[in-house]
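> Got a structure for you, questions after.
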Amino acid sequence: MLKISQLRANVVGRNILKGVDLEIGAGEVHAIMGPNGSGKSTLVQVLAGREDYEITGGSVSFDGADLLAMPPEERARAGLFLGFQYPVEIPGVNNAYLLKAALNAKRKAAGLAEVDAYEFLSLIKAKMKFMGMDESFLSRGVNEGFSGGEKKRNEILQMLVLEPRLALLDETDSGLDIDALKVVAKGVNSLRAAERSIVLVTHYQRLLDYVEPDRVHVFADGRILKSGDKTLAHELEARGYDWLREERVA
Amino acid sequence: MSAARDKDAALRSFEAAWHARPGDGIAATRAEAMRRFLALGLPSPRDESWRHTNLRALAGRPFADAEPATPMRASWLAGICAAPIAIVNGRPLPAAPARTDDPALSIESLRASIDRDPASLAARLGSIGETESERWALLNRALFVDGLHVRVTGRVAAPLLIVHSAETARDDAAVHSRVIVDVAAGAQATIVEHHLGGDGHATLVNHTTQLHLAPGASAEHYRVFSSDAHTTHFDALEITQAADSRCRQFTIALGGALLRANLSGRLDAAGAEHDSYSLLVGHGARQVDCVNAIVHAASRTTSRQTARALAAGTSRVVFNSRVRVEAGTAGAQSNQSCRGLLLSPTAEIDTRPQLEILADDVKCAHGATTGRLDPNMLFYLLARGIDRAAAQTLLIYAFLDDLLTGMSIPGARHAIEEALIAELPGADLLRAYR
């Protein structure tokens, strides 16, 4: 589904991604772990199309298409979803509208008619109930005044509504208490499907107790240092990241 | 010497118009205003309050009074009121306007008001808005041809819509008009003034509105400017408020080549509350210069000013607001929030909130920010698949949310949004959003 080859990128003139290679098949859940500042967030933002990040080399193909040639809105409509590490507050644009506009943009790209207003409302209400969210969220501004946990739930809610082909969740678990973490994990697990892939960027193994990954990658210094199965996550939790760097130097 | 080279041609033409006017019952106050105006001359960039708006080109053009005209232009705000009152080239149409649907509302032409009781009207004219910096209001006192005198004596449910239009086929026409609104103790009304017209001619409109709220009165006042791109409009709005009165004022700038909109407010007694909202849209080469001055002259008075400026193309938007809290007052509260959004690299926004506090016990806050669309917000919307143009428009609209949601007449809000949307990209999406 996704094939990243030798991807390099600069942020404000600084070289952050230094040759990333990663392949994700349909139906797979991958976890990307790594220390602060290693470039994990940059990678998912580049994949989502963040424009102030400069691609300096490499290629990314998404379902056979050249992802890097697509503007961010086209990537989203093609089924790529980025769950933001820091969801943006947009006062004055309400949540229900954003959800509907996003869903309709995707439907339009797929040649479908706009969603029926009644159908949309019942869909949203069901998903919100599933995520343990109060209906009053719908009429509030996007993420406006939301707590950290509410913002992350809202990201997952958007994902559930949009049903992406590929979800990139950037530290969706950070700042969550254990109950919120379970709700978020429930949302992610409910989307696991043969035709859908999920990438979890995380610092901690904790999320992976609830969402079991097929593959775990360690990201350091702008590239993938080591890949393995879920046991790698446990090893990282026990030993930290330094041993990997040392192993690499040696 | 040709008129084009006479740098004082405008001033001379105003003086000539003054001499040519037939006298009326308020000639003395008009003469006094004209003398002061001529002594001051036209404002120049040396005048602090005019440093962003250069009138040199206007000063060199002679003007002549716009003749009476008959066409009545349809206002896009007409839906809010069954019987709008039309004022064409400064004169009510018909000459004896009336609205009989509500006994708490009485309307007569200013001309009739002058003829009936010149002394009272003359006394009502000398106004707080006639400062040196707002000398167009002085010229208005000298030259206004007619207008309306509105008295509100009870609770008036339906909004009163006054449609001012400039209808002329000349390039040197000047329209001087005035509206006086007196809201009696405990009475309540919504007044909407819509200025439109121009027809491709370089018309000068010099309008003054005086609004007085007696104790316990409340009013919502709108002035909406949507003249064509050739019109120069000087608008002075004076609001005086007695004890426990409430005023909500909306200034909506959506048209004209140059609009100078002044608001002078005075809170004269305890419990008076004033909210003003300024939606200033710079489009094309338009210049919008909005100056608010609110005086807290009594204890326990409150003012809140919310300004949102948008500037596209090569437009320039200026918002100056000054709050003065007089000595000897206590418990005054004021808040000024000015935000500007630049939509093009060649547009300009200047905002300047100022506070002048001469009392001890006050709570005053102000803030001013100007910037471009937030790239993080934009990326968030794009990452959800929303069109770029639509996302930009949505953010512009969101920027104006505080102001639009403050309007309490749904019909007015809807019509103003429609007119606003027509000036923005991505109109279809915004229509779907509402």
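> Restricting to region B:252-271, name every residue that is of a type in the set (Gly, Ala, Ser) and over 28 Å from B:ALA332 (Cα atoms). Show your work before the answer.
Within region B:252-271, the first condition is being of a type in the set (Gly, Ala, Ser), and the residues that meet it are B:253, B:255-257, B:261, B:264-265, B:269-271.
Within region B:252-271, B:ALA253, B:GLY255, B:GLY256, B:ALA257 qualify.
> Assess whether A:TYR86 counts as being in contact with a helix residue (DSSP H, G or I) (Cβ under 6 Å, 6 or more places away or on another chain) and among the hydroxyl-bearing types (Ser, Thr, Tyr). Let's see the steps before the verdict.
Working: in contact with a helix residue (DSSP H, G or I) (Cβ under 6 Å, 6 or more places away or on another chain): no; among the hydroxyl-bearing types (Ser, Thr, Tyr): yes.
Considered against the rule, which asks whether it is in contact with a helix residue (DSSP H, G or I) (Cβ under 6 Å, 6 or more places away or on another chain) and among the hydroxyl-bearing types (Ser, Thr, Tyr), A:TYR86 comes out as no.
> Sticking with this one: Within region B:377-394, does at least one residue satisfy the condition of being among the hydroxyl-bearing types (Ser, Thr, Tyr), modelled with pLDDT of 95 or more and assigned to a helix (DSSP H, G or I)? Before you say what the answer is, go through the steps one by one.
Quick first cut of region B:377-394, residues among the hydroxyl-bearing types (Ser, Thr, Tyr) only: B:380, B:393.
Remaining after also requiring modelled with pLDDT of 95 or more: B:380.
From what is left, the residues that are assigned to a helix (DSSP H, G or I) are B:380.
Scanning region B:377-394 turns up at least one residue that is among the hydroxyl-bearing types (Ser, Thr, Tyr), modelled with pLDDT of 95 or more and assigned to a helix (DSSP H, G or I).
> Kindly indicate which of B:ALA365, B:ALA389, B:ALA330, B:ALA383 is without any contact (Cβ under 8 Å) to a residue 60 or more places away in the chain, exposed (fewer than 15 other Cβ atoms within 10 Å of the Cβ), within 30 Å of A:TYR53 (Cα to Cα) and hydrophobic (A, V, I, L, M, F, W, C).
Details: B:ALA365 fails: within 30 Å of A:TYR53 (Cα to Cα); B:ALA330 fails: within 30 Å of A:TYR53 (Cα to Cα); B:ALA383 fails: exposed (fewer than 15 other Cβ atoms within 10 Å of the Cβ).
The conditions single out B:ALA389.
> Criterion first (within 25 Å of the chain's Cα centre (by Cα), in contact (Cβ under 8 Å) with a residue 60 or more places away in the chain, within 14 Å of chain A (Cβ to nearest Cβ) and surrounded by fewer than 20 Cβ atoms within 10 Å (Cβ to Cβ)) does B:ASP402 satisfy it? Walk me through it before giving the result.
On the way: within 25 Å of the chain's Cα centre (by Cα): yes; in contact (Cβ under 8 Å) with a residue 60 or more places away in the chain: yes; within 14 Å of chain A (Cβ to nearest Cβ): yes; surrounded by fewer than 20 Cβ atoms within 10 Å (Cβ to Cβ): yes.
Against the criterion (within 25 Å of the chain's Cα centre (by Cα), in contact (Cβ under 8 Å) with a residue 60 or more places away in the chain, within 14 Å of chain A (Cβ to nearest Cβ) and surrounded by fewer than 20 Cβ atoms within 10 Å (Cβ to Cβ)), B:ASP402 qualifies.
> Next up: Kindly establish whether B:ILE416 is more than 14 Å from chain A (Cβ to nearest Cβ), among the hydrophobic types (A, V, I, L, M, F, W, C) and over 25 Å from the mean Cα position of the chain (by Cα). Before you say what the answer is, go through the steps one by one.
Numbers: more than 14 Å from chain A (Cβ to nearest Cβ): yes; among the hydrophobic types (A, V, I, L, M, F, W, C): yes; over 25 Å from the mean Cα position of the chain (by Cα): no.
Taking the combined requirement at face value, the residue does not satisfy it.
> List, please: which pairs have Cβ atoms under 7 Å, are six or more places apart or on different chains, and start with a residue in region B:66-79 that is touching a residue at least 40 places away in the same chain (Cβ under 8 Å) and end with one that is exposed (fewer than 14 other Cβ atoms within 10 Å of the Cβ) and outside any loop (DSSP other than H, G, I, E, B)?
Nothing qualifies.
> Looking at region A:17-37 only, could you name the residues that are crowded, with 22+ Cβ neighbours inside 10 Å and either touching a Phe, Trp or Tyr at 6+ places or on another chain (Cβ under 9 Å) or more than 18 Å from A:LEU232 (Cβ to Cβ) (or both)? Explain how you work it out, then say what you get.
Looking only at region A:17-37, we keep the residues that are crowded, with 22+ Cβ neighbours inside 10 Å, and these are A:17, A:20, A:29, A:31-34.
Selection gives A:LEU17, A:VAL20, A:ILE32, A:MET33, A:GLY34.
> Within region B:395-424, how many residues turn out to be in a helix (DSSP H, G or I) and within 29 Å of B:ALA74 (Cα to Cα)? Break it down stepwise before answering.
First pass over region B:395-424, keeping only residues in a helix (DSSP H, G or I): B:395-399, B:401-404, B:410-422.
When the remaining residues are screened for being within 29 Å of B:ALA74 (Cα to Cα), the result is B:396-397, B:401-404, B:410-422.
Residues meeting the conditions: 19.
> Any residue that is within 13 Å of chain B (Cβ to nearest Cβ) and either of a type in the set (D, E, K, R) or not in a loop (DSSP other than H, G, I, E, B) (or both) - is there at least one of those in region A:146-153? Please lay out each step first, then the result.
Residues of region A:146-153 within 13 Å of chain B (Cβ to nearest Cβ): A:151.
With the extra rule that they be either of a type in the set (D, E, K, R) or not in a loop (DSSP other than H, G, I, E, B) (or both), the set shrinks to A:151.
There is at least one residue in region A:146-153 that is within 13 Å of chain B (Cβ to nearest Cβ) and either of a type in the set (D, E, K, R) or not in a loop (DSSP other than H, G, I, E, B) (or both).
> Count, please, the residues in region A:35-77 that happen to be more than 9 Å from every other protein chain (Cβ to nearest Cβ), small (Gly, Ala, Ser) and within 21 Å of A:ARG107 (Cα to Cα). Walk me through it before giving the result.
Filtering region A:35-77 for residues more than 9 Å from every other protein chain (Cβ to nearest Cβ) gives A:35-44, A:46-47, A:53-70.
Checking which are small (Gly, Ala, Ser) leaves us with A:37-39, A:41, A:57-59, A:61, A:64-65, A:69.
Now drop any that are not within 21 Å of A:ARG107 (Cα to Cα), which leaves A:64-65.
Counting residues in region A:35-77 that are more than 9 Å from every other protein chain (Cβ to nearest Cβ), small (Gly, Ala, Ser) and within 21 Å of A:ARG107 (Cα to Cα) gives 2.
> Got at least one residue in region B:51-59 being in contact with a Phe, Trp or Tyr (Cβ under 9 Å, 6 or more places away or on another chain) and either surrounded by fewer than 19 Cβ atoms within 10 Å (Cβ to Cβ) or closer than 26 Å to B:ALA157 by Cβ (or both)?
Scanning region B:51-59, I find no residue that is in contact with a Phe, Trp or Tyr (Cβ under 9 Å, 6 or more places away or on another chain) and either surrounded by fewer than 19 Cβ atoms within 10 Å (Cβ to Cβ) or closer than 26 Å to B:ALA157 by Cβ (or both), so the answer is no.
> Identify the residue in region B:370-380 that is closer than 17 Å to B:LEU343 by Cβ and surrounded by fewer than 19 Cβ atoms within 10 Å (Cβ to Cβ) and, among all such residues, is farthest from the other protein chains (Cβ to nearest Cβ).
Within region B:370-380, the first condition is being closer than 17 Å to B:LEU343 by Cβ, and the residues that meet it are B:370-375, B:377-378.
Then keep just the ones that are surrounded by fewer than 19 Cβ atoms within 10 Å (Cβ to Cβ); that gives B:370-375.
Numbers: B:THR370: 17, B:GLY371: 15, B:ARG372: 13, B:LEU373: 11, B:ASP374: 8, B:PRO375: 7 Å.
Filtering first and then ranking leaves B:THR370.
> How do the pairs read when you match residues in region B:119-136 that are in the same structural domain as B:SER264 (by TED's automatic domain parsing) with residues anywhere that are among the polar types (S, T, N, Q) and outside any helix (DSSP H, G or I), using Cβ under 6 Å and keeping only pairs 6 or more apart or on different chains?
Matching pairs, first to second residue: B:SER127/B:GLN210; B:ILE128/B:SER264; B:GLY129/B:SER264; B:GLU134/B:ASN262; B:TRP136/B:ASN206.
> Tell me which residues, restricted to region A:90-136, are under 20 Å from the mean Cα position of the chain (by Cα), within 9 Å of chain B (Cβ to nearest Cβ) and either under 21 Å from A:GLY149 (Cα atoms) or among the hydroxyl-bearing types (Ser, Thr, Tyr) (or both).
Hits for region A:90-136 are A:ILE90, A:LEU98, A:LEU99.
> What is the one condition in (1) surrounded by fewer than 21 Cβ atoms within 10 Å (Cβ to Cβ); (2) more than 16 Å from the chain's Cα centre (by Cα) that A:ALA9 does not satisfy?
(1)
> Okay, next question. When you scan region B:278-342 for strands (runs of 3 or more DSSP E) that lie fully inside it, which ones turn up with 1 or more residues that are among the acidic types (Asp, Glu)?
Values: elements: B:287-296, B:302-311, B:316-325, B:332-342.
Once the strands (runs of 3 or more DSSP E) in region B:278-342 are filtered for at least 1 residues that are among the acidic types (Asp, Glu), what remains is B:287-296.
> While we're on this one: From A:LEU200, A:LEU236, A:LEU225, A:LEU191, which residue is at pLDDT 90 or above, over 30 Å from A:ALA126 (Cβ atoms) and surrounded by 15 or more Cβ atoms within 10 Å (Cβ to Cβ)?
Details: A:LEU200 fails: over 30 Å from A:ALA126 (Cβ atoms); A:LEU236 fails: at pLDDT 90 or above; A:LEU191 fails: over 30 Å from A:ALA126 (Cβ atoms).
Just a single option satisfies the conditions, and that option is A:LEU225.
> Any idea which residue in region A:154-197 is nearest to the other protein chains (Cβ to nearest Cβ), counting only those that are among the small types (Gly, Ala, Ser) and outside any loop (DSSP other than H, G, I, E, B)? It would help to see each step written out before you state the result.
Taking region A:154-197 first, the residues among the small types (Gly, Ala, Ser) are A:167, A:174-175, A:180, A:185, A:187, A:190, A:193-194, A:197.
From what's left, outside any loop (DSSP other than H, G, I, E, B): A:167, A:180, A:185, A:187, A:190, A:197.
On the way: A:ALA167: 12, A:ALA180: 21, A:ALA185: 22, A:GLY187: 17, A:SER190: 20, A:SER197: 17 Å.
Filtering first and then ranking leaves A:ALA167.
> Could you tell me whether region B:6-24 includes any residue that is modelled with pLDDT under 95, among the small types (Gly, Ala, Ser) and more than 16 Å from B:ALA173 (Cα to Cα)?
Yes, that holds for at least one residue.
> Which residue out of B:ASP115, B:ASP146 is buried (at least 17 other Cβ atoms within 10 Å of the Cβ) and in contact (Cβ under 8 Å) with a residue 40 or more places away in the chain?
Going through B:ASP115, B:ASP146 in turn, the sole match is B:ASP146.
> So A:GLU73 passes all but one of these: (1) surrounded by 22 or more Cβ atoms within 10 Å (Cβ to Cβ); (2) closer than 19 Å to A:LEU169 by Cβ. Which condition number does it fail?
(2)
> Can I ask one more? B:LEU341 - would you say it is within 30 Å of A:ALA76 (Cβ to Cβ) and more than 10 Å from every other protein chain (Cβ to nearest Cβ)?
yes
> Moving on to the next point. Would a scan of region B:77-96 turn up a residue that is farther than 30 Å from B:ALA119 by Cβ, among the aliphatic types (A, V, I, L, M), surrounded by 19 or more Cβ atoms within 10 Å (Cβ to Cβ) and in contact with a His (Cβ under 6 Å, 6 or more places away or on another chain)?
Filtering region B:77-96 down to residues farther than 30 Å from B:ALA119 by Cβ leaves B:77-84.
Right, trim to among the aliphatic types (A, V, I, L, M) and you get B:77-78, B:80, B:82-83.
Of the ones still in play, those that are also surrounded by 19 or more Cβ atoms within 10 Å (Cβ to Cβ) are B:77, B:80.
Narrowing further to those that are in contact with a His (Cβ under 6 Å, 6 or more places away or on another chain): B:77.
Within region B:77-96, one or more residues are farther than 30 Å from B:ALA119 by Cβ, among the aliphatic types (A, V, I, L, M), surrounded by 19 or more Cβ atoms within 10 Å (Cβ to Cβ) and in contact with a His (Cβ under 6 Å, 6 or more places away or on another chain).
The values are calculated or read from the model by the stated rules, or taken from the named source; none is laboratory data. Being a predicted model, the structure only gives us computed values, none of them experimental. Here Cβ is always computed from backbone atoms with ideal geometry, including for glycine, and neighbour counts include all displayed protein chains.
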